[in-house]
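What follows is one structure encoded as C-alpha cells, with my remarks underneath.
The values are calculated or read from the model by the stated rules, or taken from the named source; none is laboratory data. Quantities reported herein were computed from a predicted structural model and do not represent experimental measurements. We place every Cβ from the backbone using ideal geometry, glycine too, and count neighbours over all the protein chains shown.
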Amino acid sequence: MSRFLLVVPPLTGHINPLVAVAAELTARGHEVEWCGYADRIRDAAGSAAVIHECVLPGTGELTRPPTLTGPAAFRFLWDDFFIPLAEAMAPAVASAVRTFRPDAVVTDQHAVAGALVCERLGVPYFTSASTSAELVDPLADLPKVAAWLTGRLNALREAIGDPAATHDPRFSPYGVLAFTSRELVGDMAAPDAERVHLVGPAMAERPEVPDFPWEALDPSRELVLVSLGTANADAGTRFLREAAGALDLLADRVQGVVVDPGGRLTDPPPGILVRPYVPQLELLGRARAVVGHGGHNTVCEALWHGLPLVLAPIRDDQPIVARQVAAAGAGIRVRFGRVDAPKLAEALRTVLDDTGGHRTAAAAIGRSLRVAGGRRAAADHLEQLVTAHPVASAGR
C-alpha cells in the first residue's frame, strides 16, 4: 500500500473535497496524513486525522475589506494571504515529506508550498483544484495582473522551490484533480487539458450539527437554502437582509434556511431559520433551490442534488463559477451589491417553477457530476500516479 500526504490551506472549502478522497484512500488500505492548520483540518476531517502542523502567518484567517473586489481583491488574495501562507508553510511541508516519506503528495492549488517543496525534493504530486475558475484562465483579459502573479510565483519558487522548474506551480505536471465536470465548466479549454481530470465533487460525511432544529422544517413548503459560505461574513450583511426579505415575500410557499456564521441577520422575518452552521448535505437532500455567492463546493453539491441556483457572486472565483452555472442554464445570476428582495424573490420563483428550464438543466449537470466518479475516481488517479512515478528513497 502507499502513503499520501495532503497539503491544504486553512480554508474549509479547499479541505472538504480532500476529506472524501482521504476517506477513500484509507478504505483502500493506504496511509494518509495531512499538512496544514490542525484545528481547521480536524473540524473537517475529524479528530483521528494525523496532521503535520504548520505555523501560519497572522491568525491563519482570510480577512479582507468588504468592498474589495475585482483585480484588487485578486492581488490582495495572493500578496496578503497565499504568498505569505506558502512562505510560512514550506518548512512544515518539507519536514512532513522527510518524516512521513509519502509516495505522492496531493496539494491544494492555493497551498503553493506543497507544489514547490515537492518539485525541490523530487516527490510526485497532484494538484487539488477545489474550484474550476483557474482552469479557464481567469486572467486572460488581464495580462498585467497575470504577469504580476507570474513574477510573484517565480520569486516564491526561487525561495522555496526548484529554480530550474518552469511550469505554473498551480498546475502539477503530473496531473490535476478538478472537482467539477465538463458539462459545468463548458467548452473553455483547461491548461494542460490532458492532465486535468474532471472527477466531480468528492462527497463525504461531515461533522454533525447537533442543535439543528429539524422539527421546525415545514414539509408543506419548499425549502430554500441561503448561504454565502464561511469566508464572506464581512461582506454579506446587506445581501442576507435582502435574501430574508425575498423569503418573506414567498412565505406562503417557501421556507428559508439562512446560514449566517457572522451573526449579521439579527431580526429575520418569522418562519425563517437562521443558523451559524447547518448540516448542508442533508439539507440539500430536502431542498428545492439554493441562493448563494457562487462558491464552487456549494454550487457543485447543489447541482449534484439537481437543485437550481440563484447566484450573487462577490469576488475571487465566484463570478466565473456563477457564469458557468448561468451558461449551462442551471441558475440565474444577480448583482450582489444591487439586487433587492423583490428581484431575488422573482429569481427564486423562476427557478422554483422551472419556467426557464433551470431545474431540468441542473438535473442534467447533476447526473454528469455523479458519473464523473468523485472520491473513487480521484483515488484511482492517485494510485495510478504512484505506479507510474515511484519515488526514489533518496528523494525523500
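Given the structure, is Gly292 among the small types (Gly, Ala, Ser), out of contact with any Leu (no Cβ under 8 Å at 6 or more places or on another chain) and within 23 Å of Val321 (Cα to Cα)? First the steps, then the outcome.
Numbers: among the small types (Gly, Ala, Ser): yes; out of contact with any Leu (no Cβ under 8 Å at 6 or more places or on another chain): no; within 23 Å of Val321 (Cα to Cα): yes.
No: the conditions fail for Gly292.
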Scope the range 141-184; condition basic (Lys, Arg) and closer than 24 Å to Arg120 by Cβ; matching residues: Arg152, Arg157, Arg170
Test set (1) in contact with a His (Cβ under 9 Å, 6 or more places away or on another chain); (2) surrounded by fewer than 19 Cβ atoms within 10 Å (Cβ to Cβ); (3) aromatic (Phe, Trp, Tyr) - Phe239 fails condition number: (2)
Sole residue being at pLDDT 95 or above and either under 30 Å from Pro319 (Cα atoms) or in contact with a helix residue (DSSP H, G or I) (Cβ under 6 Å, 6 or more places away or on another chain) (or both), chosen from Trp78, Trp34: Trp34
Test: residue in the range 126-133 that is touching a Cys at 6+ places or on another chain (Cβ under 7 Å) and of a type outside the set (S, T, N, Q): no
Tabulated pairs, the range 154-165, first basic (Lys, Arg), second part of a helix (DSSP H, G or I) and at pLDDT 95 or above, C-beta under 7 angstrom, 6+ apart or interchain: Arg157/Leu116
Failed item, numbered, when Val117 is tested on (1) touching an Asp or Glu at 6+ places or on another chain (Cβ under 9 Å); (2) at pLDDT 90 or above: (1)
Candidates Ile320, Ile332 - the one that is outside any helix (DSSP H, G or I), crowded, with 16+ Cβ neighbours inside 10 Å and not assigned by the TED database to the domain that holds Ser128: Ile332
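So which of Leu247, Leu352, Leu281, Leu265 is of a type outside the set (D, E, K, R), surrounded by 23 or more Cβ atoms within 10 Å (Cβ to Cβ) and not in a strand (DSSP E or B)?
Working: Leu352 fails: surrounded by 23 or more Cβ atoms within 10 Å (Cβ to Cβ); Leu281 fails: surrounded by 23 or more Cβ atoms within 10 Å (Cβ to Cβ); Leu265 fails: surrounded by 23 or more Cβ atoms within 10 Å (Cβ to Cβ).
Criteria check complete, one pass: Leu247.
A quick yes/no check of all residues on (1) in a loop (DSSP other than H, G, I, E, B); (2) on the phi < 0 side of the Ramachandran plot; (3) in the same structural domain as Val117 (by the TED database); (4) in contact with a Leu (Cβ under 9 Å, 6 or more places away or on another chain):
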residue	(1), (2), (3), (4)
Ala20	no, yes, yes, no
Ala23	no, yes, yes, no
Gly29	yes, no, yes, no
Trp34	no, yes, yes, yes
Ile41	no, yes, yes, yes
Val55	yes, yes, yes, no
Unique match (being over 20 Å from Pro17 (Cβ atoms), out of contact with any Lys or Arg (no Cβ under 7 Å at 6 or more places or on another chain) and of a type in the set (Ser, Thr, Tyr)) among Thr99, Thr131, Thr107: Thr99
Residues (surrounded by 21 or more Cβ atoms within 10 Å (Cβ to Cβ) and either basic (Lys, Arg) or not in a loop (DSSP other than H, G, I, E, B) (or both)) located in the range 161-179: Val176, Leu177, Ala178
The range 284-313: number of residues that are outside any loop (DSSP other than H, G, I, E, B) and touching a Lys or Arg at 6+ places or on another chain (Cβ under 7 Å): 2
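Quickly run through the range 284-297 and pick out the residues that are surrounded by fewer than 24 Cβ atoms within 10 Å (Cβ to Cβ) and touching a residue at least 60 places away in the same chain (Cβ under 8 Å). Working first, answer last.
To start, the set of residues in the range 284-297 that are surrounded by fewer than 24 Cβ atoms within 10 Å (Cβ to Cβ) comprises 284-288, 297.
Within the range 284-297, Arg286, Ala287, Arg288, Asn297 meet the criteria.
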Residue match in the range 183-205 (condition: touching a strand residue (DSSP E or B) at 6+ places or on another chain (Cβ under 8 Å), at pLDDT below 90 and part of a loop (DSSP other than H, G, I, E, B)): yes
Members of the range 14-31 found to be of a type in the set (D, E, K, R) and buried (at least 19 other Cβ atoms within 10 Å of the Cβ), listed by number: Glu24
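Examine the range 264-274 for a residue that is in the same structural domain as Ser227 (by the TED database) and under 21 Å from the mean Cα position of the chain (by Cα), and state whether such a residue exists.
The initial filter retains those residues of the range 264-274 that are in the same structural domain as Ser227 (by the TED database), namely 264-274.
Now restrict to residues that are under 21 Å from the mean Cα position of the chain (by Cα): none.
Scanning the range 264-274, I find no residue that is in the same structural domain as Ser227 (by the TED database) and under 21 Å from the mean Cα position of the chain (by Cα), so the answer is no.
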